[in-house]
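Comments concern the structure below.
The values are calculated or read from the model by the stated rules, or taken from the named source; none is laboratory data. Since this is a predicted model, take the numbers as computed values, not measurements. All Cβ positions, even for glycine, are placed from backbone atoms using ideal geometry, and neighbour counts span all protein chains on display. Quick note on the areas: whole protein, heavy atoms, side chains included, nothing else; ligands and nucleic acids left out. Shrake-Rupley method; radii C 1.70, N 1.55, O 1.52, S 1.80 Å.
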Amino acid sequence: MAKIERVEIIEYTFRVENLGSDSKHNRVYSKGAVSEIGNFVVSVTDCDGAVGQFAPGLGGKLPHLGQVLFLAPLLPGRDGAEREGLFNDFKKVLRHFGGVGVSHLDCALWDLAGRRAGLSVAEMLGAHRWSLPAYASAIHADDNGGLDSPEAFIDFVEQCHDLGYRAFKIHGWTAGDADREIRNVLALGRHFGDRMTFMLDLGCEILTYSDALRIGRACDEAGFAWIEDPYRDNGTSQHAHRMLRDKIATPILAMEHVRGLEPKADWIAAGATDLVRADPEYDLGITGTMKTAHLAEAFGLDCEVHSAGPAHRACMSAMRNSNWYELALVGPGIPTILPPIFAPDYSDALDAVRPDGTFPVPRGPGLGVTIDEAFLAARETRRHVFTA
């Protein structure tokens, strides 16, 4: 029995060049701009002095931090090995708020368990593959000279292809212009043919079912692998997705914005999606992600892991029913928007892909990565400490 003695949440900032944002917080290319982005690290220490850490990527935004700070005082004094009990207790505590904050503490507890056992989290989950095929997942299209036209997309996808990627996901324009999206989809399909697998994420920007249907049929014509968040139901309406699913051939990948195992089960039972989304930074941690993967597996559905990071790789290594590692988010002049928080032997930058289009699964203890303590110390803005 190793009880948790101390939980620390360290806030920090980092910079990304050539990155701006629009009025909806969508990240877009902006030449010469420098974005100062906030994030945080979770550190859990038990009574034996063992430490587990987790540094989120896209799941390190201010709303997530608020939930983590709400839960963290409840962890000291609990047995760090009781992840299942903590998962269920914390899920109940955050029942009004979607439960995202469970994710960061759960991932840190998995890292702690792996380091205590001298095993990688991937091994503890039952990893059966150590090399993950990846797709380059672009930042949102823009009007700033970045991904601003079909020609610009073609040039960037060719760059990704040369690096080794054989799949690419578009994030559309934030204005919700269906005609523009259709032209882009068809142009990429014509240019690349079978050389690349394409996905489309419309980011809930399309306002009407009719426009979403037209785009979906363009994806059918271009042979896209899937379509995500097709219109402004915000990715939460079973009826809306089922209605669209009945009219297009392109598979729908849903539930990026649906939190928790039970709501995801309802979506699957309602026939509202073809593919299931899960993310250890959003879906109640590694524990919640693996539950979701097994749920999808029981229904014969694939479960695609959202975004990138060491916890994502560990989960995917142990999942039978997952196809692609999402290298998110990248664009011209933007090799990654994820924080450079890990030691140099780990990277989720665009050019870190191996020539065969894959990323390795870390094999070291815990999540298999090391926090760059010098970087964190230089960029720290605030520290929260909770003790028993």
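Note on ARG320 and ASP345: the model spin-label points, each 7 Å out from Cα along the C-beta direction, lie 3.3 nm apart. Taking label points 7 Å from Cα along the Cα-to-Cβ direction, GLU17 and SER210 give a separation of 4.7 nm. A 1.4 Å probe, protein heavy atoms only, puts the accessible area of ILE154 near 30 Å².
Pick out the long, greasy-scoring helices in the chain: whole DSSP H runs spanning 30 Å or more along their own axis by Cα, mean Kyte-Doolittle at least 0.5.
Span-like helices here: none at all.
Computed over Cα pairs, the Kirkwood radius of the stretch 58-131 leads via Stokes-Einstein (0.692 mPa s, 37 °C) to a diffusion coefficient of 246 µm² per second. Across every pair of non-identical alpha carbons in the stretch 238-280, the mean reciprocal distance, once inverted, gives a Kirkwood radius of 10.5 Å. Exceedance of the 26 Å cut-off in Cα-Cα distance is limited, within the set LYS61/LYS92; LYS91/LYS264; LYS61/LYS264; LYS91/LYS169; LYS24/LYS92, to LYS91/LYS169; LYS24/LYS92.
Fully extended, how many nm does the chain gain between HIS257 and HIS128 (0.36 nm per residue separation, minus their Cα-Cα distance)?
Numbers: separation 129, 0.36 × 129 = 46.44 nm, distance 2.84 nm.
Taking HIS257 through HIS128 to full extension adds about 43.6 nm, to one decimal.
Accessible-area rank, largest first, for TRP324, TRP173: TRP324, TRP173, with all protein chains present and a 1.4 angstrom probe. Radius of gyration over Kirkwood radius for the stretch 1-159, both on Cα atoms: the Rg/Rh ratio is 1.07.
Sorting LEU147, LEU74 by solvent-accessible area of protein heavy atoms yields LEU74, LEU147, largest first, with a 1.4 Å probe.
Out of the total accessible area of the chain (probe 1.4 Å, heavy atoms of protein only), what percent is carbon and sulfur? Working shown, then result.
Details: 7550 of 14830 Å².
Here carbon and sulfur together make up 51 percent of the probe-accessible area.
Here the spin labels are modelled as points 7 Å beyond Cα on the Cα-Cβ line, and at ARG190 and GLU82 they lie 6.3 nm apart.
With the convex hull constructed from alpha-carbon coordinates only, the stretch 166-259 shows a mean projected area of 5.5 nm² over all directions.
Maximal additional length on extending the LYS24-CYS47 stretch stands at 3.9 nm, based on 0.36 nm per residue less the C-alpha distance. With the biggest extent put first, the Cα atoms of the stretch 100-237 measure 54, 37, 29 Å across the principal axes. Accessible area per residue was computed with a 1.4 Å probe on protein heavy atoms; ARG383 scores about 110 Å².
If the chain linking ASN234 and ALA269 were pulled fully straight, counting 0.36 nm for each residue of separation and taking away their Cα-Cα distance, it would gain 10.6 nm. In this view, the solvent-accessible surface of TRP130, computed with a 1.4 Å probe and all protein chains in place, comes to about 70 Å². Calculated from the alpha-carbon coordinates, the chain shows an Rg and a Dmax of 20.2, 61 Å respectively.
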